[in-house]
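What follows is a single structure, written as structure tokens, with notes after it.
The values are calculated or read from the model by the stated rules, or taken from the named source; none is laboratory data. It should be emphasised that the depicted structure is a prediction, and the values quoted were computed from it without experimental measurement. Cβ atoms come from the backbone with ideal geometry, glycine included; neighbour counts cover every protein chain shown.
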Amino acid sequence: MRKYILVFAAFVLPGNLTAQKPVSSTAAAIKSQASEAIESGYEQYQQLALKIWDFAEVGYKETRSSGLLQQTLADNGFTVEAGIAGMPTAFVATYGSGKPVIAILAEYDALPGISQTADPEKRSAGKEAGHACGHHLFGVASVASGIAIKKLVQAKQLTGTIKVFGCPAEEGGSGKVYLVRDGFFKDVDIAIHWHPGDKNEVTTTSALANISAKFRFYGLSAHAAASPERGRSALDGVEAMDNMVNMMREHVPQETRIHYVITNGGKAPNVVPDFAEVYYYVRHPKRDMAKAVFDRVVNAAKGAALGTDTRVDYELIGGTHDLLINQTLAAVMQQNLERTGGVSYTTSEKAFAGKIQSTFTSPVAAADAAALINPLKLVTVAGGGSTDVGDVSYTVPTVGLEAATWVPGTAAHSWQAIAAGGTSIGTKGMMVAAKTMACTAIDLFLDASIIQQATNEFLKARGTYEYKALLGDRKPALNYRD
Ligand SMILES: [Zn+2]
Ligand SMILES: [Zn+2]
């Protein structure tokens with residue numbers, strides 16, 4: 001009966017029915033539409049990324065970088081909530097309503113102590129920081145991807161909610177941990193991220209859990225020659241601690257990584273320093289082991305203070321989980337990365353890449369490797385780095401990729417990474433990431449069964465573990481770069 005009424009209505013009012021029906025495009029057509037929308041914004045996105053590259057603002061000081069991304073999202077119809085979770089440069093931009101809720105993560109902090117122009121030879125830009133991890137590209141690709149999805153939701157080709165999270169201070173500040181801790185991912189179904197790199201590959205490598213702290217030693221100042229017996233050197237405390245930790249390296253599990261920099265060692269040799277500070281990172285593929293080794297580092301600090309007759313305290317600065325890989329989502333993203341394709345260099349980009357590669361000390365991949373897509377790997381062993389995306393990955397199913405924004409063979413945190421990131425080599429790689437993330441999100445919007453399957457895998461992998469931030473209940477370390 002119902003069928004007859006419909007047929008009759010269709011016969012009488014074909015125009016109206018057509019207008020009310022959702023646009024019936026296939027997933028492939030919608031993906032092409034999104035990719036074209038991103039490509040048509042290339043010049044605008046490139047300018048945006050190069051501005052943020054030029055700002056080179058460090059963790060929690062990314063006022064202008066965060067502001068530009070927020071403005072771009074607001075101009076495109078997103079509702080932007082800024083200064084969330086106690087971090088002035090964090091934000092969440094939302095468009096749409098209801099399920100699914102898909103989140104795209106954006107980063108934008110630079111690294112202190114490294115500066116480089118956009119030239120293929122080592123040349124300082126004279127700045128205190130540089131985008132040696134490519135987070136200027138990271139932020140813009142995620143924003144571009146979010147805007148492409150928003151257009152599809154607005155046109156009712158997709159139904160649900162898209163959120164772009166502005167995540168400050170990835171480099172050591174653990175910005176995402178506070179977003180997770182404050183419940184900003186509670187209603188999120190899937191989180192998507194990416195990272196600049198020297199190849200195109202879906203991420204199936206976990207990351208190291210990481211705990212960092214600043215150890216502060218307090219002594220007594222005195223004239224270093226006239227009355228040294230009246231002084232107690234805080235720097236002695238730091239050096240004794242470092243010696244003990246360096247001996248400890250032989251007696252920790254193989255995969256452990258420990259590194260430090262002395263951030264304050266006194267000011268003048270003829271004054272016994274009454275204050276000294278050392279900044280430590282302790283990493284291991286398993287968070288419990290990272291914590292156990294960190295506790296031993298704390299004991300070394302206490303022993304050093306006792307032996308040098310100084311006092312020590314410490315401040316936890318960062319704490320991030322390892323990365324939980326989701327193979328269901330990785331397989332979906334792989335198809336979209338292959339669909340998008342890599343970066344092919346122009347003649348001048350090839351020349352730039354050749355010059356960069358001539359500065360490497362170890363053998364490198366071919367320059368045209370940026371055009372290739374690596375096959376999906378099934379291994380989930382931990383790699384050498386850490387990321388606060390790890391904390392997101394223990395909260396919601398998470399998937400990410402690496403896109404070739406750097407000349408093949410380039411290491412992260414190098415001048416070569418800053419150089420390429422300031423050119424079209426970087427911004428073209430950024431477009432690969434933006435399109436791949438948008439197409440992956442489209443699959444999730446169109447097929448709820450993928451989200452269900454990814455969630456089942458996530459719940460099984462997480463097991464009974466209940467998320468707990470490794471940095472406890474501390475407030476964001478907004479001044480950790482001071
Ligand atoms: Zn980095
Ligand atoms: Zn990074």
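Answer yes if at least one residue in the range 164-173 is free of Cβ contacts under 8 Å to residues at least 24 places away in the same chain and not hydroxyl-bearing (Ser, Thr, Tyr), and no otherwise. No.
Residue pairs whose Cβ atoms lie under 9 Å apart, separated by 6 or more positions or on different chains, with the first residue in the range 357-381 and in contact (Cβ under 8 Å) with a residue 40 or more places away in the chain and over 30 Å from THR328 (Cα atoms) and the second assigned to a loop (DSSP other than H, G, I, E, B) and hydroxyl-bearing (Ser, Thr, Tyr), are GLN357/THR410; PHE360/THR410; VAL364/THR410; ALA367/TYR345. Number of residues in the range 180-195 that are within 12 Å of ligand 2 (Cβ to nearest atom) and of a type in the set (A, V, I, L, M, F, W, C) equals 1.
Yes/no per residue for (1) in a strand (DSSP E or B); (2) in contact (Cβ under 8 Å) with a residue 60 or more places away in the chain:
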position: LEU69; (1), (2): no, yes
position: VAL80; (1), (2): yes, no
position: GLN116; (1), (2): no, yes
position: SER124; (1), (2): no, no
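Among the residues of the range 105-114, those identified as assigned to a loop (DSSP other than H, G, I, E, B) and more than 10 Å from ligand 2 (Cβ to nearest atom) are TYR108, GLY113, ILE114.
Filtering the range 385-407 to residues that are within 16 Å of ligand 1 (Cβ to nearest atom) and polar (S, T, N, Q) leaves SER386, THR387, THR405. Does GLY130 count as closer than 28 Å to TYR480 by Cβ, among the small types (Gly, Ala, Ser) and within 16 Å of ligand 2 (Cβ to nearest atom)? Spelling it out, GLY130 is indeed closer than 28 Å to TYR480 by Cβ, among the small types (Gly, Ala, Ser) and within 16 Å of ligand 2 (Cβ to nearest atom).
Looking across the range 398-409 at every residue that is closer than 20 Å to THR347 by Cβ and within 13 Å of ligand 2 (Cβ to nearest atom), the one that is surrounded by the fewest Cβ atoms within 10 Å (Cβ to Cβ) is identified as TRP406. In the set (1) in a helix (DSSP H, G or I); (2) farther than 30 Å from GLN157 by Cβ, the condition left unmet by ALA37 is number (2). All of GLY385, GLY429 fail the test of being modelled with pLDDT under 95 and either closer than 27 Å to ILE356 by Cβ or within 16 Å of ligand 2 (Cβ to nearest atom) (or both), apart from GLY385.
Among residues of the range 231-246 that are not assigned by TED's automatic domain parsing to the domain that holds LEU220, none has a beta-carbon under 9 Å from a residue that is of a type in the set (Asp, Glu) at least six positions away or on a different chain. Against the criterion of being free of Cβ contacts under 8 Å to residues at least 12 places away in the same chain, closer than 13 Å to ILE147 by Cα and either more than 16 Å from ligand 2 (Cβ to nearest atom) or of a type in the set (Val, Ile, Thr) (or both), GLN47 does not qualify.
Residues of the range 109-140 that are more than 16 Å from ligand 1 (Cβ to nearest atom) and buried (at least 24 other Cβ atoms within 10 Å of the Cβ): VAL140 alone. Within the set VAL177, VAL164, VAL202, the sole residue that is within 16 Å of ligand 2 (Cβ to nearest atom), in the same structural domain as LEU372 (by TED's automatic domain parsing) and within 16 Å of the chain's Cα centre (by Cα) turns out to be VAL177.
Could you tell me whether the range 149-167 includes any residue that is within 16 Å of ligand 1 (Cβ to nearest atom) and either of a type in the set (Asp, Glu) or outside any loop (DSSP other than H, G, I, E, B) (or both)?
Yes.
Of the residues examined, ALA93 is not one that is in contact with a strand residue (DSSP E or B) (Cβ under 9 Å, 6 or more places away or on another chain) and within 16 Å of ligand 1 (Cβ to nearest atom).
Of the residues screened, PRO273 is not one that is surrounded by fewer than 14 Cβ atoms within 10 Å (Cβ to Cβ) and assigned to a loop (DSSP other than H, G, I, E, B).
For every residue, the table says whether it meets (1) hydroxyl-bearing (Ser, Thr, Tyr); (2) in a loop (DSSP other than H, G, I, E, B); (3) over 31 Å from the mean Cα position of the chain (by Cα).
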{"residue": "ALA226", "(1), (2), (3)": "no, yes, yes"}
{"residue": "LEU235", "(1), (2), (3)": "no, no, yes"}
{"residue": "GLN254", "(1), (2), (3)": "no, yes, no"}
{"residue": "ILE262", "(1), (2), (3)": "no, no, no"}
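Screening the candidates GLY303, GLY307, GLY266 for the property of being of a type in the set (Gly, Ala, Ser) and on the phi > 0 side of the Ramachandran plot yields one hit, GLY266.
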